[in-house]
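Step one of this worksheet: look at the structure below.
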Amino acid sequence: MKKDTRLILAMDVTDRDAAMAITEKTAAYLDAVKVGYPLVLAAGVDIISDLARFAPVIADFKVADIPNTDRLILQQAYRAGAAAVIVHAFTGRDSLEACVAEAGKWDRDLFVVTEMSHPGATDFMAAPGEDMARMAADCGVTGVVAPATRPERVKQIRDIVGDLTIISPGVGVQGGSAGETIRAGADYVIVGRSIYQSDDPAGAAKQIAKEIVSVL
């Protein structure tokens with residue numbers, strides 16, 4: 001991915017035309033756009049290649065299955081044009097190693113969730129989060145996902161993963177701060193509703209990008 005604005009748009013709308021229009025309007029302020037199941041199931045997997053005309057696409061499929069199934073899912077995502085895929089680590093080293101190997105075949109990126117951004121993530125994900133970060137680093141992933149809603153966790157994960165890329169969701173509606181998250185050690189922040197639900201998505205994206213630049 002580029003590292004210009006350090007802003008990733010989480011495109012969680014379910015309407016193809018809206019996704020295309022919003023991404024086009026905000027593309028100048030984005031380093032990537034992230035899509036998940038809501039949009040892909042509604043619009044079809046080709047939405048990945050369509051959005052890739054404006055910015056690199058991260059397929060946030062949070063892949064979590066046996067190694068062979070993980071491999072097949074990644075194949076489809078990369079074939080559709082995804083620059084990166086997000087996977088879980090709690091399924092174990094063999095599954096994660098299969099994902100790393102598949103990403104390598106396509107020369108694409110792979111990100112591993114260490115802890116999600118919603119409050120419930122602290123129920124079960126926080127305790128093993130550091131172990132998952134260590135395993136991710138050992139397996140040779142591109143980077144990890146750490147919560148912007150808990151910047152102290154971003155700092156802890158940064159100490160573990162070293163120079164690996166950290167992308168952080170939860171900025172905006174969920175309460176995370178773009179500037180604070182970058183200062184904590186994230187390389188990119190991920191913002192969704194604060195941009196795509198705005199009356200002026202481009203203006204909202206521009207403002208967040210300015211906030212990021214102000215702390216670099």
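Please treat every number below as a calculation from the coordinates, not as lab data. The structure presented is a predicted model; accordingly, all values stated were derived computationally and were not measured. In this analysis, Cβ positions are derived from the backbone assuming ideal geometry, glycine residues included, and neighbour counts consider all displayed protein chains.
If the Kirkwood radius is taken over C-alpha pairs of the chain, then at 4 °C and 1.567 mPa s the Stokes-Einstein diffusion coefficient equals 77 µm²/s.
Amide H contacts under 5 Å for THR5: ASP31, restricted to partners 5 or more places along the chain or on a different chain, H placed in the peptide plane at 1.01 Å from N. By the rule of a C-alpha distance below 18 Å, with chain neighbours fewer than 8 residues away ignored, the aspartates and glutamates paired with LYS105 are ASP70, ASP94, GLU97.
Under a 5 Å amide H cut-off, with hydrogens placed 1.01 Å from N, VAL112 pairs with VAL87, GLY143, VAL144, VAL145 among residues at least 5 apart or on other chains.
The alpha carbon radius of gyration of the range 1-98, expressed as a multiple of 2.2 N^0.38 Å, is 1.09. Applying 1/(1 + (r/R0)^6) with r as the Cβ-Cβ distance of TYR37 and GLU97 and R0 = 41 angstrom yields a FRET efficiency of 0.95. For the range 85-91, the Karplus equation 6.51 cos²θ - 1.76 cosθ + 1.60, evaluated at θ = phi - 60°, returns couplings of 10, 9, 10, 8, 10, 5, 6 Hz by residue, with Gly and Pro reported as x.
For ALA10, nonlocal amide neighbours, meaning residues 5 or more places apart or on other chains whose placed amide H falls under 5 Å from its own, are LYS34, VAL191, GLY192. The HN-Hα couplings worked out from phi for the range 98-110 by the Karplus form 6.51 cos²θ - 1.76 cosθ + 1.60 (θ = phi - 60°) are 5, 5, 4, 5, 5, 4, x, 4, 9, 6, 10, 8, 9 Hz, whole numbers, x standing for Gly and Pro.
Relative contact order of the chain, taken over Cα pairs closer than 8 Å and 6 or more residues apart, is 19 percent. For LYS210, the aspartates and glutamates whose Cα falls under 18 Å of its own Cα, not counting residues fewer than eight places away in the same chain, are ASP4, ASP31, GLU180, ASP187, ASP200. In order along the range 39-49, phi translates into HN-Hα couplings of 6, 5, 5, 7, 9, x, 5, 5, 4, 5, 5 Hz, rounded to whole numbers, per the Karplus curve 6.51 cos²θ - 1.76 cosθ + 1.60 with θ = phi - 60° and x for Gly and Pro.
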